[in-house]
1. Grab the other residues whose beta carbon is less than 12 angstrom from that of residue 102, score K and R as +1, D and E as -1, and report the net.
2. Quick check: pseudo-label points 7 Å beyond the Cα along Cα→Cβ at residue 67 and residue 230, how many nm apart are they?
3. Tell me the relative contact order for segment 202-458 as a rounded percent, counting alpha carbon contacts under 8 Å between residues six or more apart.
4. So, by mean Cβ neighbours within 10 angstrom, what's the order for 217-227, 16-26 with the highest one leading?
5. Taking only C-alpha pairs under 8 Å that are 6+ residues apart, what is the relative contact order of the chain in percent?
6. For segment 35-140, just the Cα atoms, rotate onto the principal axes and tell me the three extents in Å, largest first.
7. Let's test the formula: R0 of 25 Å, r as the Cβ-Cβ distance of residue 195 and residue 92. What FRET efficiency results, to the nearest 0.05?
8. Find, to one decimal place in angstroms, the Kirkwood hydrodynamic radius of segment 2-59, where the mean of 1/r is taken over every pair of different Cα atoms and then inverted.
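Bear in mind these aren't lab numbers, they're just calculated from the coordinates by the rules spelled out. Computed from a predicted structure; not experimentally measured. Cβ atoms come from the backbone with ideal geometry, glycine included; neighbour counts cover every protein chain shown.
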Amino acid sequence: MLALVLMAGIMAGKYLPLPLWSWLIAALSGIVLFFLRRHSAVVYALVFCLGAAWLQQRYLLPPDSIAFLSAKDRRDFKAAEGMVASDIGRQSWLQGEKTVFELKVNQVLIGDSWRPSSGKTQVNLYGGHPPLHYGQVLRVRGKLHAVFDGFAKGFSYRRYLQEQGIYWLLSVGKEGGCEVIRDGKGNILVYWSMQLRRGMIEVFGHYLAPREAGFTAALVLGDRSGMPKDLKEIFVNTGTAHVLAISGMNMAIVAALFFFALRALGLPRRWQFAGTVIFLFAYAFLTGWSASVVRACFMSSVVLAAFAFEHESDALNSLGLAALVLLALDPKDLFDVGFQLSFAAVAAILALHAHCRKLFAFLPSFLGASMAVSLAAWAGTAPFIFYHFHMLTPVSILANIPIVPLADMVMLLGLWLAAVGGWCPYIGIALAGCLKAILSAMVILAGWFNQIPLGHFIFS
């Protein structure tokens, strides 16, 4: 209940036209009232006001933020200096490929003078450039322009970037340039995590065809930069695109598999929990230590703790605790699509699984349980998918049943291939052969479900 009240307060802070000071005064009044009259309603009101105030504080930008550049400053913009704050990605465009990354800005060149600045911008490099990686300090010359507010099935790319604190795109063409000033900045753990992730992708590319390697990297590491567009569209239409990202639901499935594997070894229940949590965060390290993956790991660990300490009935409360902690750290996560879908799916499974199971009581146990999980997850995420992407995918209730287990098999085989493929080619070839067969089965099944009449609806 506290998590729901905090979410409502965060939404009020974004959508109600009230200034920050009004929420702070209301929160301070709530604290005084709590000491005068200790009542649960006062606590809920206090959490509501603090959620609104905390969100507005997080959205406050410093005066030197790059987001505040005027139209004239953008016309006179020549260069920016800052640190590479993300992994280096490759994206296709009309005339080939472009290099994409986030730059954490510390100063900008407007006209002939450098100005201190802060914030982030997305850099698009269209030409050649020196080898780039996370933690480098660069001087990038190009043109600064607004994000094109294109919609892909109702999804606003401009809104998506703004929620991540990115308000402008820095395009570097033939007339621009990219110069490495120094190296070694940034978080060392994030740096080595990204290097390890890049090495795993290279192993996939060595044993698999380009389309298969891109597909495997999406399933195992959540890296969709090499995922073929036609396959991505099929998985979106069938409501199974969540297997291509490291989401809360995927991490919950991986955690459950590892948890039951440790149980089969006869370990004490709390050791099963500890081992699973260590595995989850080791996996997060392998996948690049991104905020969404760490968030999914934390959520899965908290929910799993309820089962580990034999409090299965408190699993939904554990999910609420995870939401409270994550939103207290960053209230803007509430407006992240991945956050919404992850929590909606897991909450729906915990709350609705038993009721959905009764609908499929006539089916064999395993198939009935799979149908119930799939239906509950679809019911929880359908409103959010409709809101963000303007589509409904009822076929996903059926499609998830065979595709999710196959995706889990790809995840496990992909990790083994990355671990042993570099030093034992024979095992690597065998694992790659298994991966090829499972990937082909997934594509065939997804294509078949995509052809089912009325399986998905797109609303313009």
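1. Details: positive: 104, 120; negative: 87.
With Lys, Arg at +1 and Asp, Glu at -1, the net is +1.
2. For the pair residue 67/residue 230, the computed spacing is 4.1 nm.
3. Numbers: 312 pairs, mean separation 59.0, N = 257.
Result for segment 202-458 is 23 percent.
4. Working: 217-227: 21.9, 16-26: 13.5.
In decreasing order of mean packing, 217-227, 16-26 become 217-227, 16-26.
5. On the way: 721 pairs, mean separation 59.9, N = 460.
Relative contact order here is 13 percent.
6. That works out to 66, 32, 27 Å along the principal axes.
7. Working: r = 24 Å, r/R0 = 0.97.
Efficiency at R0 = 25 Å is approximately 0.55.
8. Details: mean 1/r = 0.0904 Å⁻¹.
With all distinct Cα pairs of segment 2-59 included, I get 11.1 Å.
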